[in-house]
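Before any comments, here is the structure.
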Amino acid sequence: MNELIATLRAGKSVFVLTGSGISAESGLPTFRGVGGLWRTHRVEELASPEGFARDPVLVWTWYNERRGAHERAQPNAGHFAMAQLEDVLDDFTLATQNVDSLHLRAGSRNVLELHGSLRQARCTHCSAGRSLGTAGLPLDEIDHACGGRWRPDIVWFGESLPQDVWQRAREAAARADVILVVGTSAVVYPAAALATNYNRRAFVAEINPEATPISNRVACALRGSAAQVLPRIVAALSSGETASPDLFVRPCG
Ligand code: OAD
C-alpha cells in the first residue's frame, strides 16, 4: 500500500474504474457474487433490447424496484473517499459501470457513467430523454407519443456504450499515472478494458476482497472492501504519512 500512496502522491493524473462492489456496503447487490442479481434473474429477459421488446412491463417493474432501492441506499465510505480524492487532485476521472448514482450523491464531480443511469429514461424511437422520479416510470406511461417506448437509459447486453462517454474514459485511462480498479469483476467488456488495456505505464491497483481476471496483471491487489480500504488510502495521502499495513490489506509491490 505504501508504494501506491507514494505513486499517488507523485502522480498528477488518476483514473478510477468502479463496479457494483463499491455499492455493496450501501446495501445494493452486485451482479455475479453470492446473492448477485445475475444469479437470481435472467439477464436476457431483463437486460437486453430483445427482452424489453418481449415484455416491457416486466423489465420496467424490475428497474423501478432497483431505482427505488438506489434512492433508499446511501453512499458509503468508499464513495465518499473517491469524492475526497478528487478534491486533492488536479486531474481525476471516475468511470463507473454502476447506474445507481451513488458517486454523484457522494460528491464526485468528474463522473463518467459508462452504462448510463437509472435516473433517466430514453425513447426507443426518437431518443427523447426524460428524468425518472424515485418510483421510476409509471407502468401506464411506457408508450411514448412518437410511437416508440420509454426504456431505461442504460446499456444492455449487445449494445454499445455511449460514444462520447467511452471516448472520454479511454482518454482519461490512457493519460493516468495511477489507475484504481474498485469493486468490479472486470469481466464485462469494453468497460473492463479501461483497467489495463489503454495504458502500460500507469500504476494499477485493484481494490476487491476477491481475485479477478486482472489481479495478476496489476501492480497491487488490495484484498479488502471498498469502504475499508479507500478511506485509508485517502487518509494516508492527506496526512503525508505512510499507511500502516493491517489485516485487510496485502501490501503492494
Ligand atoms: P460483478 O457482480 O460482476 O462484480 C462485483 C465485484 O465486486 C466482484 O469482483 C466482488 O468481489 C467485488 N466486491 C464485492 N463486495 C465488495 C466490496 N465491499 N468492496 C469492493 N469490492 C467488492 O459486478 P460488476 O463488475 O459491476 O452491466 O459488473 C459489471 C457489469 O455487469 C455491470 O455494470 C452490469 C452487469 O451486467 C450492465 O448491466 C450492462
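The values are calculated or read from the model by the stated rules, or taken from the named source; none is laboratory data. Quick caveat: nothing in here was measured; it's all calculated off a predicted structure. We place every Cβ from the backbone using ideal geometry, glycine too, and count neighbours over all the protein chains shown. Please note that ligands, DNA and RNA were not included when accessible areas were found on the heavy atoms of the full protein model with its side chains. Shrake-Rupley method; radii C 1.70, N 1.55, O 1.52, S 1.80 Å.
Odds and ends about this structure:
- Counted charge near residue 197, where neighbours are those whose Cβ lies closer than 15 Å (Asp, Glu -1; Lys, Arg +1): +3
- Percent RCO, i.e. relative contact order, over the range 97-148, from Cα pairs under 8 Å lying at least 6 residues apart: 29 percent
- Note that the chain presents 45 Å² accessible area per residue, ligands and nucleic acids not counted, probe 1.4 Å.
- The mean of 1/r over all distinct Cα pairs in the chain, once inverted, gives the Kirkwood hydrodynamic radius of 18.8 Å.
- Relative contact order (%) - criterion: Cα under 8 Å, at least six apart; region: the chain: 26 percent
- Rg and Dmax of the range 105-207, Cα atoms only, in Å: 16.7, 52
- Whole-percent carbon and sulfur share, accessible surface of the chain, 1.4 Å: 51 percent
- Between the Cα long axis of helix 163-175 and the first principal axis of the chain there is an angle of about 10°, rounded to the nearest 10.
- Relative contact order computed over the range 68-180 (Cα-Cα under 8 Å; 6+ residues apart), in percent: 23 percent
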